[in-house]
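Peer 1: Supplied in structure tokens, the structure appears directly below.
The values are calculated or read from the model by the stated rules, or taken from the named source; none is laboratory data. Since the model is a prediction, treat every value here as computed from it, not as a measurement. With ideal geometry, Cβ positions are generated from the backbone for all residues, glycine too; neighbour counts draw on all protein chains shown.
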Ligand SMILES: NS(=O)(=O)c1c(F)c(F)c(S(=O)(=O)CCO)c(N[C@H]2CCCc3ccccc32)c1F
Ligand SMILES: [Zn+2]
């Protein structure tokens, strides 16, 4: 129950009062635009281990008051990064029903409808995500930009449970499935930069991989994401809709974003 939000007196402009790193260096998210991008031929496709989780396993999906997050299996990890990173959780960021522009990262100043983040920690150097999250080489987050298109049966495996996590601290079990289904085609094409957590405590501890190609979900799926959840508990007399839970893009001076693709 950390006291910060995306709106009002505890909104992002006030974060540095309680969380000094939020005013610090290497902050995320950022805008990807031409003059900060540099092709890097060393950026090879990531390798996903144990992402195909059997349906006999279950993931816990929880409304934590800031986002809807799903704890992942410790058997899931990624390679081809400087270290092996083990999966911790995935969560989403989105806008609202009148403005479906809730992605955190932007491309040439343009928001996408929403964004999925899969948080991993450096399991070669640290015992768990709590030990890793404030270390410069502690975390690796994969980001998928979401846009409107046909119904997406893979995202529906999570979205179908939203009615059971409408309020803060509610949770539900989700049968395992291949988390790789949530990722776009062309896993070889991505943006790569060193940044931070996009929520307090904003530690500059994240190696970001943002896939170039967005994934499509339907208008109805997006509306469900934008209207299902509340930041408040089920008995709160003043319910607060969980909308616009994205941080604005941060200044990015004298830094480069490396890309694995030619224009
Ligand atoms: N955009 S983001 O930077 O990826 C990002 C979020 F946006 C986000 F909301 C969360 S949160 O849901 O945990 C609520 C805020 O702490 C996280 N959690 C991370 C960092 C904080 C502690 C922690 C502990 C265990 C697992 C993951 C995490 C987060 F990393
Ligand atoms: Zn996130």
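Peer 1: Would a scan of the stretch 94-115 turn up a residue that is touching a strand residue (DSSP E or B) at 6+ places or on another chain (Cβ under 8 Å), under 16 Å from residue 178 (Cα atoms) and within 13 Å of ligand 1 (Cβ to nearest atom)? Talk me through it step by step, then tell me what you get.
Peer 2: Taking the stretch 94-115 and keeping what is touching a strand residue (DSSP E or B) at 6+ places or on another chain (Cβ under 8 Å), we get 94-96, 100-109, 112-115.
Next cut, under 16 Å from residue 178 (Cα atoms) only: none.
No, because not a single residue in the stretch 94-115 is touching a strand residue (DSSP E or B) at 6+ places or on another chain (Cβ under 8 Å), under 16 Å from residue 178 (Cα atoms) and within 13 Å of ligand 1 (Cβ to nearest atom).
Peer 1: Keeping to the stretch 177-191, report how many residues are within 20 Å of residue 94 (Cβ to Cβ) and either more than 16 Å from ligand 2 (Cβ to nearest atom) or in contact with a helix residue (DSSP H, G or I) (Cβ under 7 Å, 6 or more places away or on another chain) (or both).
Peer 2: Number satisfying all stated conditions: 3.
Peer 1: To continue, here is another question. Among the residues in the stretch 72-91, are any touching a strand residue (DSSP E or B) at 6+ places or on another chain (Cβ under 6 Å), farther than 22 Å from residue 28 by Cα and within 16 Å of ligand 2 (Cβ to nearest atom)?
Peer 2: Yes, because at least one residue in the stretch 72-91 is touching a strand residue (DSSP E or B) at 6+ places or on another chain (Cβ under 6 Å), farther than 22 Å from residue 28 by Cα and within 16 Å of ligand 2 (Cβ to nearest atom).
Peer 1: Restricting attention to the stretch 192-219, which residues are surrounded by 24 or more Cβ atoms within 10 Å (Cβ to Cβ) and more than 12 Å from ligand 2 (Cβ to nearest atom)?
Peer 2: 205, 217
Peer 1: While we're on this one: State all residues of the stretch 220-263 that are in a helix (DSSP H, G or I) and buried (at least 19 other Cβ atoms within 10 Å of the Cβ); if no residue qualifies, say none.
Peer 2: Correct list: 221, 222, 225, 226.
Peer 1: Can you find a residue that is under 20 Å from residue 6 (Cα atoms) and either part of a strand (DSSP E or B) or more than 13 Å from the chain's Cα centre (by Cα) (or both) anywhere in the stretch 81-88? Walk me through it before giving the result.
Peer 2: Taking the stretch 81-88 as the starting set, the residues that turn out to be under 20 Å from residue 6 (Cα atoms) are none.
The answer is no; no qualifying residue exists.
Peer 1: Being exposed (fewer than 14 other Cβ atoms within 10 Å of the Cβ) and under 19 Å from the mean Cα position of the chain (by Cα) is true for just one of 54, 74. Which residue is that?
Peer 2: 74
Peer 1: Under 6 Å between Cβ atoms, at least 6 apart or on separate chains: pull out the pairs that start in the stretch 52-69 with a residue that is part of a loop (DSSP other than H, G, I, E, B) and end on any residue that is within 16 Å of ligand 2 (Cβ to nearest atom).
Peer 2: Pairs that qualify, where the first residue is part of a loop (DSSP other than H, G, I, E, B) and the partner is within 16 Å of ligand 2 (Cβ to nearest atom), are 65/231; 67/91; 67/245.
Peer 1: Name the one entry in 130, 60 that is within 10 Å of ligand 1 (Cβ to nearest atom), modelled with pLDDT of 95 or more and surrounded by fewer than 16 Cβ atoms within 10 Å (Cβ to Cβ).
Peer 2: 130
Peer 1: Also, quick follow-up: Considering each of 195, 149, 138 in turn, give the residue that is more than 15 Å from ligand 1 (Cβ to nearest atom) and modelled with pLDDT of 95 or more.
Peer 2: Going through 195, 149, 138 in turn, the sole match is 149.
Peer 1: Restricting the search to the stretch 133-146, which residues are buried (at least 24 other Cβ atoms within 10 Å of the Cβ) and away from ligand 2 (no atom under 16 Å from the Cβ)?
Peer 2: Residues satisfying the conditions do not exist here.
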